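Below: one structure, written as structure tokens.
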Amino acid sequence: MTALTLSTAGAATLRADALVVGVAKGPKGPLAAAGAEAVDAAYAGKLAAVLEALGASGSEGEITKLPAPDGFKVPVVLAVGLGTLPDEDESYDEEVLRRAAGAAARALHGAKKAAFALPLDDASAVTAVAEGALLGAYAFTAYQGGEKKGSKNAGPKLPLAEIALLGAKPRDKDHKAAAERASIVAAEVNIARDLVNTPPNDLTPEAFAAVASAAAKENGIKVQVLDEKALVKGGYGGIMGVGKGSENPPRLVKLSYTHAKAEKTLAFVGKGITYDSGGISLKPAGHNETMKCDMAGAAAVFAAVVAAAKLGLQVNVTGWLALAENMPSGSATKPGDVLRMYSGKTVEVLNTDAEGRLVLGDALTKASEDNPDAIIDVATLTGAMVMALGDRTFGIMANDDAFRTSIHEIAEEVGEASWPMPLPADLRKSMDSPTADIANMGVRMGGGLVAGLFLQEFVGEGITWAHLDIAGPAFHEGAPHGYTPKGGTGSAVRTLVRLAERTATGDLG
Ligand code: BES
Ligand code: MN
Ligand code: ZN
């Protein structure tokens with residue numbers, strides 16, 4: 001894990017492998033941003049001209065490397081684009097800073113230490129730059145090297161080991177708190193990424209439950225794990241129905257973070273399909289290579305509960321991880337089977353690939369028993385949501401318009417792209433079943449909303465609920481950008497943490 005420090009050293013005196021400065025897009029060409037003063041002075045006020053000569057424009061995410069001026073204790077200066085220069089009385093947008101810091105940290109993979117001298121107007125800019133740098137520094141290296149330890153391989157380089165933020169004030173309590181919060185949140189986002197990236201032969205439901213239990217114990221979080229015997233005994237027909245085709249049996253994990261002075265309780269529920277083959281309704285090749293990511297919702301929930309504990313938030317947060325592996329076998333659920341859910345409702349399974357709603361249905365009913373102030377589920381639930389919103393934006397559905405709006409605003413605030421989606425009641429009848437209370441599949445058009453309507457039936461009466469379908473942004477297959485790496489992204493962690501913070505302070509909009 002990358003270490004972060006606030007340093008009072010000057011840009012010219014700090015010893016590091018690189019110095020990061022910002023370059024904005026001015027009306028007549030690139031402009032050196034605040035933080036780059038020492039470098040600019042050493043270049044006799046011509047840093048912008050030097051950058052322009054090197055082809056820099058200041059556009060977002062652009063990376064330009066130049067030799068450090070004489071006397072500096074770093075070999076290179078790395079200028080990262082900040083996009084259009086804000087108006088004189090405005091600051092850089094937090095997400096712009098977060099992405100720029102992330103792009104710079106990514107460009108420095110393999111280096112040991114970098115100093116970041118980006119514009120830091122206030123404490124929220126400190127959080128943004130710190131978070132972006134720590135998220136951009138991330139690399140998944142757990143499976144590298146092997147027998148050839150020490151030999152050169154084609155895999156990703158090690159993450160930047162140390163980041164020093166220049167220009168922040170280590171003795172200012174707001175700046176200190178901003179950096180601490182960023183370190184905790186980024187560390188947990190990176191843990192969610194690690195879990196998503198871990199191959200499914202190693203991250204079985206049992207292994208995930210063990211990771212969650214260990215982290216819970218370390219952070220004073222109460223943990224309960226229901227194994228397959230307890231799930232059968234307890235009548236969890238949805239979770240068992242999905243998990244019973246696999247050699248790796250399912251688990252339901254409950255994590256309870258409580259604060260003595262908490263006034264509110266949030267329940268987070270995560271879809272944790274450690275591998276989604278589709279089951280008997282097997283996915284074709286081309287659709288199953290990335291399905292280790294199908295536990296990203298559970299990873300986000302786990303990470304958010306741990307972050308809430310580490311931040312000591314004055315709110316109770318319960319996390320539910322609905323863990324199962326969806327496999328075809330002689331013992332697997334078949335299309336046509338009817339399952340009796342934990343709620344008592346019967347479900348005709350028409351497609352075993354619509355398994356997320358089955359495990360979530362049970363977890364939602366169980367979570368409702370505690371009567372929390374709100375339930376938020378997070379799931380890589382439908383390909384239809386990816387069709388609708390693309391691969392960077394998650395969909396938000398809810399049984400309460402104001403709550404859906406709040407979550408959308410919170411996501412925006414932390415830099416996670418999302419969009420409100422409806423739950424049109426007329427789509428419900430497409431899930432009518434001749435044999436059971438409901439089928440696990442309805443019409444294909446609006447499939448993400450159909451899935452949302454299915455989940456809604458398992459939420460306890462009168463409980464505020466929102467559903468985040470992160471099937472698009474959870475796993476990034478394209479080239480890395482900003483602070484987003486290839487593979488697991490940690491989608492929704494920051495939104496859940498901010499929601500918990502806002503609930504703790506009674507500031508939900
Ligand atoms: N895990 C998938 C959804 C998914 C698709 C996640 C792409 C990430 C990327 C889910 O279990 C699934 O298979 N959904 C089906 C539902 C259908 C059978 C009703 C889908 O979306 O095709
Ligand atoms: Mn599926
Ligand atoms: Zn799935």
Quiz prompt | residue 281 assigned by TED's automatic domain parsing to the domain that holds residue 383, of a type in the set (Ser, Thr, Tyr) and within 13 Å of ligand 2 (Cβ to nearest atom) | solution = yes
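So that you can scan it fast, the table gives a plain yes or no per residue for (1) within 30 Å of residue 138 (Cα to Cα); (2) modelled with pLDDT of 95 or more; (3) touching a strand residue (DSSP E or B) at 6+ places or on another chain (Cβ under 6 Å); (4) not aliphatic (A, V, I, L, M):
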{"position": "436", "(1), (2), (3), (4)": "no, yes, yes, no"}
{"position": "442", "(1), (2), (3), (4)": "no, yes, no, yes"}
{"position": "467", "(1), (2), (3), (4)": "yes, yes, yes, yes"}
{"position": "499", "(1), (2), (3), (4)": "yes, yes, no, no"}
Quiz item: Is at least one residue of the range 448-468 in contact with a Lys or Arg (Cβ under 7 Å, 6 or more places away or on another chain), assigned to a strand (DSSP E or B) and under 21 Å from residue 358 (Cα atoms)?
Solution: yes
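It is to be established whether one or more residues within the range 25-37 are under 24 Å from residue 490 (Cβ atoms), crowded, with 17+ Cβ neighbours inside 10 Å and either in contact (Cβ under 8 Å) with a residue 40 or more places away in the chain or not acidic (Asp, Glu) (or both). Reasoning before the result, please.
Taking the range 25-37 and keeping what is under 24 Å from residue 490 (Cβ atoms), we get none.
No: zero hits.
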Quiz item: Which of the strands (runs of 3 or more DSSP E) contained wholly in the range 297-360 include at least 3 residues that are more than 16 Å from ligand 2 (Cβ to nearest atom)?
Solution: 316-326
Quiz item: Can you name the condition, by its number, that residue 382 falls short on among (1) of a type in the set (S, T, N, Q); (2) away from ligand 1 (no atom under 16 Å from the Cβ); (3) under 21 Å from residue 468 (Cα atoms)?
Solution: (2)
Exercise. Out of the residues in the range 379-400 that are more than 16 Å from ligand 2 (Cβ to nearest atom) and either hydroxyl-bearing (Ser, Thr, Tyr) or not in a loop (DSSP other than H, G, I, E, B) (or both), state the one that is farthest from residue 475 (Cα to Cα).
Key: 398
Quiz item: Is it the case that the range 249-266 has a residue that's within 16 Å of ligand 2 (Cβ to nearest atom) and of a type in the set (Phe, Trp, Tyr)?
Solution: no
Quiz item: Do we find a residue being more than 20 Å from the chain's Cα centre (by Cα) and crowded, with 24+ Cβ neighbours inside 10 Å anywhere in the range 365-375?
Solution: yes
Quiz item: Quick one: residue 64 ticks every box in (1) farther than 21 Å from residue 186 by Cα; (2) touching a strand residue (DSSP E or B) at 6+ places or on another chain (Cβ under 7 Å); (3) part of a loop (DSSP other than H, G, I, E, B) bar one, so which box is it?
Solution: (3)
Quiz item: Quick check, is residue 283 buried (at least 24 other Cβ atoms within 10 Å of the Cβ), touching a Ser or Thr at 6+ places or on another chain (Cβ under 8 Å) and either without any contact (Cβ under 8 Å) to a residue 24 or more places away in the chain or over 22 Å from residue 465 (Cα atoms) (or both)?
Solution: no
Self-check item: Enumeration of residues in the range 235-293 that are away from ligand 3 (no atom under 16 Å from the Cβ), out of contact with any strand residue (DSSP E or B) (no Cβ under 7 Å at 6 or more places or on another chain) and among the hydrophobic types (A, V, I, L, M, F, W, C)
Solution: 240, 260, 285
Quiz item: Taking only pairs six or more apart or across chains, which ones have beta-carbon atoms under 6 Å, a first residue in the range 115-141 that is over 13 Å from residue 190 (Cβ atoms) and surrounded by 24 or more Cβ atoms within 10 Å (Cβ to Cβ), and a second residue that is acidic (Asp, Glu) and at pLDDT 95 or above?
Solution: 128/94
Quiz item: Got a sec? Which of 100, 79, 111 is among the small types (Gly, Ala, Ser), surrounded by 20 or more Cβ atoms within 10 Å (Cβ to Cβ) and within 15 Å of residue 164 (Cα to Cα)?
Solution: 111
Quiz prompt | Residues (part of a helix (DSSP H, G or I) and either small (Gly, Ala, Ser) or in contact with a Ser or Thr (Cβ under 9 Å, 6 or more places away or on another chain) (or both)) located in the range 212-239 | solution = 212, 213, 214, 215, 216, 230, 234, 237, 238
Quiz prompt | Filter result for residue 13 (more than 30 Å from the chain's Cα centre (by Cα) and not basic (Lys, Arg)) | solution = yes
Quiz item: Can residue 297 be described as under 17 Å from residue 245 (Cα atoms) and modelled with pLDDT of 95 or more?
Solution: no
Quiz item: Is there a residue in the range 418-429 that is out of contact with any strand residue (DSSP E or B) (no Cβ under 7 Å at 6 or more places or on another chain), acidic (Asp, Glu) and buried (at least 20 other Cβ atoms within 10 Å of the Cβ)?
Solution: no
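The values are calculated or read from the model by the stated rules, or taken from the named source; none is laboratory data. Everything numeric in this text was worked out from a predicted model, so none of it was measured. Reconstructed Cβ throughout: ideal geometry from the backbone, glycine too, with neighbour counts over all protein chains shown.
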